[in-house]
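Encoded as structure tokens, the structure appears first; notes follow it.
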Amino acid sequence: MITAAAQKRSLGAFYTPTNLSDLLCSWGIRHLTDQILEPSFGGCGFLTSAVARLRDIGSSTPQEHLYGCDIDPNAFEHLGKTLGELAKEGHFIKGDYLLTEQSSWVGKFDLVIGNPPYVPYQKIDSTVRELAQSRLNALGLKLGQRASLWAYFVGLALSQLKGGGRLAWVLPGSFLQADYAKGLRRFLAARFDRIHAFAVQQRLFLEEGTDEETVVLLADGYRRAVPSITATDIALSICKDIADLRDKIESWTNGEVLQSSDCSSSVSGQISALSREIFEEANQLGECRNLGDFVKVRIGLVTGDNPFFLLTRFRAAELGIPESALTPVLSKFAYFDGLTFDDTDHENVLRDGGRALMVNCEKQGNALPLQAYIDSYPPEKLKSVGTFGKRATWTQPEDGNIPPAFFPVMHHLGPRLILNLTNANCTNTLHRAFFVDGVTVVQAKLLSISLMCTFSQISGEIVGRKYGSGVLKHEPRDAERIRILVPSTAVAAEINSTYKKMDSLLRHGNADSARRLADQFILSKIEFNRKQCWLDQLPKELLAIRRRRVPDRKKVSLNN
Ligand SMILES: C[S@@+](CC[C@H](N)C(=O)[O-])C[C@H]1O[C@@H](n2cnc3c(N)ncnc32)[C@H](O)[C@@H]1O
């Protein structure tokens, strides 16, 4: 049976707090004649705020102005309870907004407002997605295959907006971070006289059970004609909480210039002027390069079924599978304490009950217990796992590309390059890092040291993607874009000893000291005018960035 919470998640049904819907309705509804559409009205928060706002400006017939859609029958129960008689027949559609082609709605609305569902692309029916995409094509908008449901709502709403109309959306953090959102932002920026995004640091949906970041998007003056100019990205201001958002919306509405960056550089936009100067000075140095100039980052192994392929030592013994028929594997960043991973570390992971052994059929042919284990795999599952069909032998997830280093995918801490002294491979919960030709072991250690310094950690925050829970994610190409200082004057003995000290500090839980050591080491090897300023300022900045990234309830220090 599907639980209420699961149902809520699958519909992305997280209702907007009243103070936010009130604020956006006050901004968006300006005239007694305004026609308003809420395309996923859910708990009716926006509709209720809209009724109040219309009454405030003197309307005696707010019901005449409100239209909506929602796929969830519960939303219609809310509609009955909150608007009752006010809900005009024919104004509200029960169904999928992506498939709702109301000809009478085209170009009708002065305001489209709401908080569309945040549902990942994998959960959107592919036929529905294609139909919606073909409607968007007619508007000239091409959303990528991976666009989440909210992006379709934002795009499709344009066809229902009047020339000169407004948008007021509550959107998730992916509006700033996702690749598919970049094109959408430019598309919108070119079609409105004024458009601005506001990222709210306070988590507004905790009571609704999600710690998703909130971005408010306001746009005014819709230009129905296809614009001839190519717009730049949308400007973004950072707001502490709703009170701050209210002030900033008021200033923006009054035409004041707000302190802002653009949406694509949301982290860098929040960095103080002094830190930005120091960061830029380092960024301009000849020794400053992209990590990708030295390291190619690749995803780890996709097994298709980790619980089946990854075994603990205990489980392997229980099944009678000899360790010679298994290969070492890693599937968690938490297994790395320091800057290296060696056989003792692997042994410790196994001793602590980690699933760090992988079934490897090539190793011992069809050793009997191994064959029995493989034969026990449920046949119906065998057909349903797409990954199995993609490799030559479904029983053989190992591809033999043992990486010389690992890189975390999702983590609360910043990026790290962990040198691999074992024969272990990793699953795709970690990235594999391969050094380009010519990088020696000592240079690999230098890269590992330098990546830990505050400059690269800040760069990692800028290029990474933030997730609602506060986790930072680096796709391989994001990781390769991290800026790193690689001084040529560092000599092997110093590199080796610094690397060893940092490894030990990290293993003792002292990431802050390890980072400071990295700063001092790198600064001692480069010509940099403001060394003390770096040491005083950048660590504070890094801490501030991480505090903004991680929701209030989780305390962040540079050590955790
Ligand atoms: C994030 S909630 C927001 C609800 C309301 N707009 C608010 O701000 O409180 C998203 C809403 O989208 C609705 N929804 C999900 N998929 C939909 C679809 N394909 N078409 C129309 N509504 C949908 C959900 O039922 C839910 O009410």
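Check the stretch 187-200 and report whether any residue there is small (Gly, Ala, Ser), within 26 Å of the chain's Cα centre (by Cα), farther than 30 Å from residue 546 by Cα and more than 14 Å from the ligand (Cβ to nearest atom).
Yes: one or more hits.
On the basis of being of a type in the set (Lys, Arg) and either within 14 Å of the ligand (Cβ to nearest atom) or under 12 Å from residue 113 (Cα atoms) (or both), does residue 9 make the cut? Steps first, please.
Details: of a type in the set (Lys, Arg): yes; either within 14 Å of the ligand (Cβ to nearest atom) or under 12 Å from residue 113 (Cα atoms) (or both): yes.
Answer is yes for this residue.
State all residues of the stretch 415-448 that are free of Cβ contacts under 8 Å to residues at least 40 places away in the same chain and in a loop (DSSP other than H, G, I, E, B); if no residue qualifies, say none.
Listed by number, the residues that qualify are 437, 438, 440.
With 42, 95 as the choices, which residue is near the ligand (Cβ under 9 Å from one of its atoms), surrounded by fewer than 19 Cβ atoms within 10 Å (Cβ to Cβ) and small (Gly, Ala, Ser)?
Being near the ligand (Cβ under 9 Å from one of its atoms), surrounded by fewer than 19 Cβ atoms within 10 Å (Cβ to Cβ) and small (Gly, Ala, Ser) holds for just one of 42, 95, which is 95.
From the list 343, 337, 375, exactly one residue is touching a helix residue (DSSP H, G or I) at 6+ places or on another chain (Cβ under 7 Å) and acidic (Asp, Glu). Which is it?
Residue meeting the stated conditions: 337.
For the stretch 124-155, give me each residue that is among the basic types (Lys, Arg) and buried (at least 16 other Cβ atoms within 10 Å of the Cβ).
Once the filter is applied, which keeps residues that are among the basic types (Lys, Arg) and buried (at least 16 other Cβ atoms within 10 Å of the Cβ), the stretch 124-155 yields 129, 135.
Report, ordered by the first and then the second residue, all pairs with beta carbons closer than 7 Å, sequence separation of six or more or different chains, a first member in the stretch 92-117 that is β-branched (Val, Ile, Thr), and a second member that is near the ligand (Cβ under 8 Å from one of its atoms).
93/69; 93/100; 100/69; 112/39; 113/38; 113/46
I'd like to check something: does the stretch 21-36 contain any residue that is surrounded by 15 or more Cβ atoms within 10 Å (Cβ to Cβ), among the charged types (D, E, K, R), touching a residue at least 40 places away in the same chain (Cβ under 8 Å) and within 12 Å of the ligand (Cβ to nearest atom)?
Scanning the stretch 21-36 turns up no residue that is surrounded by 15 or more Cβ atoms within 10 Å (Cβ to Cβ), among the charged types (D, E, K, R), touching a residue at least 40 places away in the same chain (Cβ under 8 Å) and within 12 Å of the ligand (Cβ to nearest atom).
Here's the yes/no breakdown for (1) aromatic (Phe, Trp, Tyr); (2) away from the ligand (no atom under 15 Å from the Cβ); (3) over 29 Å from residue 163 (Cβ atoms):
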position: 61; (1), (2), (3): no, yes, no
position: 67; (1), (2), (3): yes, no, no
position: 72; (1), (2), (3): no, no, yes
position: 81; (1), (2), (3): no, no, yes
position: 86; (1), (2), (3): no, yes, no
position: 106; (1), (2), (3): no, yes, no
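Can you tell me how many residues in the stretch 334-364 are surrounded by 20 or more Cβ atoms within 10 Å (Cβ to Cβ) and either among the β-branched types (Val, Ile, Thr) or assigned to a helix (DSSP H, G or I) (or both)?
6
From the residues in the stretch 207-223 that are loosely packed, with under 14 Cβ neighbours inside 10 Å and at pLDDT below 90, which one is nearest to residue 27 (Cα to Cα)?
207
Please pick out the residue among 444, 490, 518, 514 that is over 30 Å from residue 205 (Cβ atoms) and at pLDDT below 95.
490
Consider residue 38 carefully, then state whether it is closer than 23 Å to residue 154 by Cα and charged (D, E, K, R).
Against the criterion (closer than 23 Å to residue 154 by Cα and charged (D, E, K, R)), residue 38 qualifies.
The values are calculated or read from the model by the stated rules, or taken from the named source; none is laboratory data. Model, not experiment: these values are computed from the prediction. No Cβ is skipped: glycine too gets one built from the backbone with ideal geometry, and neighbour counts run over all protein chains shown.
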